[in-house]
Structure formats: C-alpha cells, structure tokens
Ligand SMILES: [Zn+2]
C-alpha cells in the first residue's frame, strides 16, 4: 500500500510516518503542542499548527503572534486543526479565533485544515466575508454535512474533502458527490498502527463504492494529497 496517504491525523510528527503510508499530515490542536510540531524525522510527514475549536479556552493572550511567527519561521507548516463546532461553547469566540487563523493562513499562503460540525452556514458566511483573504486551499476534514454543499464550495474555495471509511449511506453519498480529484483519506488517529488500519479500510471502502481497484483509488488520492502539500515542503 505504498500510495496510501493520511490527510488528517494527530500523530506527533517527530515520530516517523508509518512505513505503510506514503504521506501523512499531522494536526496540532493546542498552542502548547506547536513546538513539538516543528520537527519531524522523515520527508513523508507534514504538520499543521492551529487552535482547534474545542481548545479555544486554552489560548494565551499572545497566541496569534506566536502562530504567525512560528509559521514564518517554519515554511513547512500548514494551519490546522481549526474551525467551528456547534456542540462546543461560545461560537462567537470560536468564529473570532477561526477568522484570525484563516487570515494568517491566507497571508502566508498555507493550506488550512478545517473541522466543522453543524456550522457550515457560519463558515460559508465567513468565507464570503473574507473573499480574497482566504487560504489558497482548504481541507475539510471528516466532512459530514449536506452533500449538496460540495459542488458549491469545491472550486470556489479550492476545498478538498477527507474521509474515513463510510459508516452509512449518508456518508457514502458524500463520497460519491465529491469529485474524485478532491477526495482524500484520513484516520484522525493518534498512533501509526491505527492510522494504517483506518487508511486501508477507507481506501478499500471508497474503491468498492466507486467501482475501481484499491490501487487505482489510492493513486488518485495520492495525487490529490500532493496538491495539498505542494504549498509547503517537508520539515528539515
Ligand atoms: Zn482531528
């Protein structure tokens, strides 16, 4: 499974990317993790730093400057995991922190990796307001909203959609509505073994669903993964 890629996990990037994967993108969720995400031991591992919407109460007053400076000093890094979640407190503060991070990603030309649960209406409003100050590329991690949204936002905001193996017909439908050139696989895992297993399951399920071989399916997803990381280079 040499072409298998994990577009969204939480493995600490100083641990080598699992041998069975051709690439992985590791997301930090809190400010205290960022330092650890500036180093890695191989050229298949890519990292993102950001404030997750569940972690907004953990920020320090200087967080935005620290994010900006760390990204400037580390051209290898992307921005993530950021976003909004209706089931967590204080959507107004979430929005404020999210917008600041999108603007920084835009200014520094880094892709942004997004978590959004039940708040796509708010995100679309923010995207529209930011208009030309949007990041060059968005990864919508574990996209779980209306499949009709996919065609509305894919080209407009250069959005890629990452999925684990679908658990029901709704999630199958989202995958089927996603253009093959914008499809990614993800584990959301914290360790290499789980990541490998979940990516293998995801590729097999997507291949079956889209009526192609696993190798062919993995190759297309690998090409899409290359588009995401084309904005950065591996960490030295
Ligand atoms: Zn995650």
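The packing ranking, built from the mean of other Cβ atoms within 10 Å per residue, places the peptides 76-87, 161-172 in the order 76-87, 161-172, highest first. Our note on the geometry: Cα centres of region 40-65 and region 144-221, 24 Å apart. When you count the other C-beta atoms within 10 angstrom of each residue and take the mean per peptide, 7-18, 211-222 line up highest first as 7-18, 211-222.
Cβ crowding within 10 Å ranks 48, 24, 116 as 116, 48, 24, fewest other Cβ atoms first.
The gain in end-to-end length when the residue 233 to residue 42 segment is fully stretched comes to 67.6 nm, 0.36 nm per residue minus the alpha carbon separation.
Full extension of the chain segment joining residue 190 with residue 90 gains 33.3 nm, where the gain is 0.36 nm per residue of separation less the Cα-Cα distance. Note: relative contact order over the chain, using C-alpha pairs below 8 Å and six or more positions apart, is 23 percent. Calculated FRET efficiency, residue 146 to residue 126, Cβ-Cβ distance, R0 = 22 Å: about 0.80 to the nearest 0.05. For an R0 of 25 angstrom, estimate the FRET efficiency from the Cβ-Cβ distance between residue 15 and residue 109 and round to the nearest 0.05. Efficiency, rounded to the nearest 0.05: 0.35. Counting beta carbons within 10 Å around each of 110, 174 and listing the fewest first gives the order 174, 110.
Summed over qualifying helices (DSSP H, 4 residues or more, each -39500 (n - 2.57)) and divided by its residue number, the chain shows a 222 nm mean residue ellipticity of -11500 deg cm²/dmol.
Where a number appears in this text, it was derived from the coordinates with a stated rule and is not lab data. Since the structure is predicted, the reported quantities are computational estimates derived from the model, not experimental observations. Cβ sites come from the backbone with ideal geometry, for glycine too, and all protein chains shown count toward neighbours.
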